[in-house]
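Working notes, beginning with the structure itself.
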Amino acid sequence: MSRFEKTAEFPVPSHRLHFLLNAYGLMWDEVTASNLVKITLDGEIVDDPTGLGFNQAGFVIHSAIHAARPEVQCVMHTHTAAGIAVSAQEQGLLPISQHAMRLTGNVGYHQYEGVALNLEERERLVADIGSKMTLILHNHGLLSCGKSVREALDYMYYLERACQAQVAALAGGCKLIVPSQAVAEGVARSFERPGYQERKGEWRALIRMLDKTDPSYKT
């Protein structure tokens, strides 16, 4: 996961754009606010409290989105079993669950080019996600972005659960029930209706749960 920030450390007009990335090699329960690596969009380290540096492939993927999408404040990228499985399926994400239909018209696809170490791939990543909020990287994994951490997590949650449902349904070996495109588009509109996202309480509940179990993430 990466977060974007526009710092005030450099006076206008010489200010620079930075983003925060997990330090390379830390377990998830070791990642805290204070040990994130601050880097520029060109890969220059500004602050690295642990001295561990960052994953180069992660930098390529995350910097591509942050540089091209100024409204995006958070990017998440995962390699889950279900996400990788669907990323390897030619038909892509099927509208066979409400979770998947919630993302109708909001999923891009990126062809696999090998380990993402080539800076030139960033241009193609940006073209493939366009203005969408989620991206399936073929033979690789999932990506979501958002105007906040909450929004990016919400998109990733629905994308991951949709992939889990698709893998399970295909494993059953039965003919699938696929709703019409009109129904799928209607479901997506329902999730985007005015005020819906603001009224959702899952993020606040998750923060409360995390505060109870391990508040060290804030340090």
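Just so it is clear, none of the values below were taken in a lab; they were calculated from the coordinates. Predicted model, so just to flag it, every value in this text is computed and none were measured. When we count neighbours, we look across all protein chains shown, and the Cβ atoms used for this are built from the backbone with ideal geometry, even at glycine.
Some notes on this structure:
- Using θ = phi - 60° in the Karplus curve 6.51 cos²θ - 1.76 cosθ + 1.60, the 3J(HN,Hα) couplings for segment 106-117 round to 10, 10, x, 9, 10, 5, 6, 10, x, 4, 6, 10 Hz; x is entered for Gly and Pro.
- Per-residue 3J(HN,Hα) values for segment 72-81, derived from phi via the Karplus relation 6.51 cos²θ - 1.76 cosθ + 1.60 with θ = phi - 60°, read 7, 9, 8, 10, 10, 9, 10, 10, 7, 4 Hz in sequence order (x marks Gly and Pro).
- Candidates Arg124, Arg193, Arg150, ranked by Gaussian network fluctuation over the chain, Cα under 10 Å, top entry: Arg193
- Multiplying the residue separation of Gln56 and Tyr196 by 0.36 nm and subtracting their alpha-carbon distance yields 46.7 nm.
- GNM result for the chain, Cα springs below 10 Å: residue of Asn106, Asn22, Asn118 fluctuating most strongly: Asn118
- Computed from backbone phi with θ = phi - 60° and the Karplus coefficients 6.51, -1.76 and 1.60, the 3J(HN,Hα) list for segment 159-171 is 5, 5, 5, 5, 5, 4, 5, 5, 4, 5, 5, 5, 5 Hz; x is used for glycine and proline.
- Of the residues Tyr24, Ala127, Val115, the one whose Cα sits farthest toward the positive end of the charge dipole of the chain, with +1 on the Cβ of Lys and Arg and -1 on the Cβ of Asp and Glu, is Ala127.
- Simple label model, 7 Å out from Cα along Cβ direction - Ser131 to Gln91, nm: 3.0
- Total charge dipole magnitude, segment 2-218, about the Cα centre, Cβ charges on Lys, Arg, Asp, Glu only, Debye to nearest 20: 840
- Taking a ≥ b ≥ c as the square roots of the Cα gyration tensor eigenvalues, segment 69-172 comes out oblate, since a/c reaches at least 1.5 and a/b does not exceed b/c.
- Of the residues Val187, Ala85, Val167, the one whose Cα sits farthest towards the positive end of the charge dipole of the chain is Val187 (charges of +1 on Lys and Arg Cβ, -1 on Asp and Glu Cβ, taken about the Cα centre).
- Long-range Cα-Cα pairs in the chain (distance over 31 Å), rounded percent: 24
- Charge dipole (the chain, unit charges on Cβ, about Cα centre) - positive-most of Ser216, Tyr158, Leu143: Tyr158
- Between Arg208 and Thr80, the FRET efficiency estimated from the beta carbon spacing at R0 = 25 angstrom works out to 0.50.
- Working from Cα pairs under 8 Å separated by at least six residues, relative contact order for the chain is 21 percent.
- Over the chain: helical MRE at 222 nm, DSSP H runs n ≥ 4 each giving -39500 (n - 2.57), nearest 500: -11500 deg cm²/dmol
- For segment 81-104 versus segment 179-206, the gap between their alpha-carbon centres in whole angstrom: 17
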